[in-house]
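Asks: Pasting a structure below so you can have a look.
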Amino acid sequence: MAANNSISNTTDSINDAIDSDSNQCSIIINSATTTHNGMWTCKVLTRGQPLNSSKTITIGCPHGYHLASGSDQCYKMGCPKGFFTLPSTAQCFKFFNETKVSWEEANTTCQENGMELAKPYDAVTLRRYLVERYGHDSRAWIGAHADGKYIRWTRDGSYLTTSNPLWYNGEPGSDAKSNNCLYLLASDSNMKSYPNQPFVTHSCAYQYRPLCELVMD
């Protein structure tokens, strides 16, 4: 998101205040687009005299809309067509049910479609949704992998600690020191055995389905 921007368009004069009681005036920026998204400082100058005043304004999507990361469009609150969300979060997911690929290929699939591999805030509910909606075995790559020392989320570099309660029984073991990647164990039988432990690592070359997320700013 842009910050502290300036704009070259200026007006020569303001003859009358729009609101004469409080001496307020308006600045009109024609054809603002999402490329102008962010904070702007507008300066009011009097010709031939020092700076008179300044005000910071925000240009962004209209109320009820948001700007998706990597996108140039404002979307209405909620998820665009073709995505699903969960009652517990505002995240927008897309599951490529017909595609089985490696973790790297899954990551590329998401990026090519303007998304990222998912970093779910409610992985337990998400796993249950995938099994109920797409079938008893809907295991999916999500956005974390081991770097030889730790397991990190690729989006922000944060750690997925070995003590995280979402790890499946016996996980991650020594996988943090390998080149394994994280997948969501959306399997009916495993979900029944360990309903609140959906995280598992596997060789990044193994083939699972991409679970992508449309990340909102």
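The values are calculated or read from the model by the stated rules, or taken from the named source; none is laboratory data. Just so you know, these numbers come straight off a predicted model, no measurement behind them. Here the Cβ is made from the backbone with ideal geometry for all residues, glycine too, and neighbour counts use every protein chain on show.
Asks: How many residues does the stretch 145-166 contain that are free of Cβ contacts under 8 Å to residues at least 60 places away in the same chain and either under 17 Å from GLN91 (Cα atoms) or in contact with a Gly (Cβ under 7 Å, 6 or more places away or on another chain) (or both)? Give the steps one after another, and end with the answer.
Replies: Of all residues in the stretch 145-166, those free of Cβ contacts under 8 Å to residues at least 60 places away in the same chain come to 145-154, 156-166.
Going one step further and asking which of them are either under 17 Å from GLN91 (Cα atoms) or in contact with a Gly (Cβ under 7 Å, 6 or more places away or on another chain) (or both), we end up with 153-154, 156.
Number satisfying all stated conditions: 3.
Asks: So in the stretch 111-163, with the set limited to residues that are among the aromatic types (Phe, Trp, Tyr) and under 19 Å from the mean Cα position of the chain (by Cα), which one is modelled with the lowest pLDDT?
Replies: TYR159
Asks: Can you name the number of the only condition in (1) over 20 Å from the mean Cα position of the chain (by Cα); (2) not in a loop (DSSP other than H, G, I, E, B) that TYR206 fails?
Replies: Condition (2) is where TYR206 drops out.
Asks: Quick test for you: out of CYS212, CYS181, CYS204, pick the one residue that is in contact with a Lys or Arg (Cβ under 6 Å, 6 or more places away or on another chain), under 15 Å from ARG139 (Cα atoms) and surrounded by 16 or more Cβ atoms within 10 Å (Cβ to Cβ).
Replies: That would be CYS212, the only listed residue that is in contact with a Lys or Arg (Cβ under 6 Å, 6 or more places away or on another chain), under 15 Å from ARG139 (Cα atoms) and surrounded by 16 or more Cβ atoms within 10 Å (Cβ to Cβ).
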